[in-house]
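J.: Before I ask anything, let me first share the structure, which is written out below as C-alpha cells.
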Amino acid sequence: MNFARRIYYSFILILICSTVITIAGIKGFQRLEPFVNTLNSSNTESLCYAEQMLSSISAKKDLKTFEENLNNAKNNITEVGEKEALDKISDNYLPAFKGNKKIEEETINEITAFSRINRVAMEQAGLQAKKIQTVGIWIIVFPSIFIWVMGLTLLARLRRTFIKPIQELNNVISEYNSGNHMRRCPSYTALKDLQKLYDGINRILDEK
C-alpha cells in the first residue's frame, strides 16, 4: 500500500536525520581537542621561556637572554602561581649570575617550579577536554539511541495494530472483487474500531 510505504519512509527519514545529527555532533566534540591545544599555546610559550632561562643561567651564563625570556614570561602569565614564581626569580637571578651558587640553585628550582605549573595546567586542560568530549558524545548519542529504539518500537506497533489490519482489509476486498467470495476479515484485531469495521465488512460480504 502507498499509505504504508509513506509511513515507513517517514519513520526512516526521521531515523536518518537523527543519525546525521548525531554524527555531526560527535564530529564537533572530536574537534574539541585541537581547540584546547590552541588554548594551551600560552602554556607552551611559558615552557619555552623557562627552558631558555634554565639554559641561560646554568650553561650559557647569558644574562641578556635570561632577562628577555623572564620579561616575556611575566607578560604571558595565565596560571595561578606563575606570578609568585617569577617574582622570586626576579629577586634572585642577579646574585645567581654573579656566582652565588646557593642563589643560583634556588633560582633554578623556581624556574623548574614555574615550568611545572604550566605542564600541570596543560595536563589538566587535556583531561578536562577529554571528560567534556566523552560526556558531550554520550549526551548526543543517548537521545539518538532512544529515538531509534522508540522509532522502531513504534513502527512495529503501528504495523501490527494499524497498517497490517488495513492491508488485510484491502486484501479481503480485492480478493472478493477478483472472485474469491469465501475470504473474510479476521475475527480479532487489536483495535476495537477496526474490529467493528471488520465485523461490518464480514456482514456485508455474508449478505451477498
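Values quoted throughout were computed directly from the atomic coordinates according to the rules given, and no laboratory measurement underlies them. What you see is a predicted model; the values in this text were computed from it and never measured. Here the Cβ positions follow ideal geometry from the backbone for every residue, glycine too, while neighbour counts run over all protein chains shown.
J.: Give the Debye-formula value of log10 I(q)/I(0) at each listed q (0.18, 0.20, 0.24 Å⁻¹), with one equal scatterer per alpha carbon of region 93-208, two decimals each.
T.: The calculated log intensity ratios at q = 0.18, 0.20, 0.24 Å⁻¹ are -0.96, -1.03, -1.20.
J.: Please compute the length gained on full extension between residue 191 and residue 146, using 0.36 nm multiplied by the number of residues separating them and subtracting their Cα-Cα distance. If you can, show how the numbers build up before the last one.
T.: Details: separation 45, 0.36 × 45 = 16.20 nm, distance 2.64 nm.
Length gained, residue 191 through residue 146: 13.6 nm.
J.: To continue, here is another question. Which of the following values of semi-axes √(5λ) of the Cα gyration tensor in Å was calculated from the structure shown: [x] 93, 20, 12; [y] 82, 13, 9; [z] 34, 20, 16?
T.: [y]
J.: How high is the FRET efficiency from residue 78 to residue 128, r the C-beta distance, R0 22 Å, rounded to 0.05?
T.: On the way: r = 15 Å, r/R0 = 0.68.
The pair residue 78/residue 128 has a calculated efficiency of 0.90.
J.: What list of ³J(HN,Hα) values in whole Hz, one per residue of region 145-152 in order, does the Karplus curve 6.51 cos²θ - 1.76 cosθ + 1.60 (θ = phi - 60°) give from phi, with Gly and Pro shown as x?
T.: 4, 4, 4, 4, 5, 5, x, 5
J.: How large is ³J(HN,Hα), in whole Hz, for each residue of region 72-87 in order, when computed from phi with the Karplus curve 6.51 cos²θ - 1.76 cosθ + 1.60 and θ = phi - 60°, using x for Gly and Pro?
T.: Residue by residue, region 72-87 yields 4, 5, 5, 7, 10, 6, 9, 10, 5, x, 5, 4, 4, 5, 5, 5 Hz.
J.: Taking other Cβ within 10 Å of each residue's Cβ, how do 206, 91 sort, fewest first?
T.: Working: 206 9, 91 13.
With the fewest neighbours first, 206, 91 line up as 206, 91.
J.: Next question, about the same structure. Looking at the chain as a GNM with Cα springs under 10 Å, which of 92, 76, 170 has the largest mean-square fluctuation?
T.: Evaluated over the chain, the most mobile residue of the options is 170.
J.: Over all distinct Cα pairs, what is the inverse of the mean 1/r for region 120-173, reported as the Kirkwood hydrodynamic radius in Å?
T.: 14.7
J.: So, one more: Sum -39500 (n - 2.57) across every DSSP H segment of at least 4 residues in the chain, then divide by the residue count to get the 222 nm mean residue ellipticity, nearest 500. Don't skip to the end; give the middle numbers.
T.: Details: 8 runs with 169 residues, N = 208.
Helix contribution divided over all residues of the chain: -28000 deg cm²/dmol.
J.: Using the Cα atoms of region 43-101 to build a convex hull, what is its mean projected area in square nanometres?
T.: With every direction weighted equally, the projected area is 3.7 nm².
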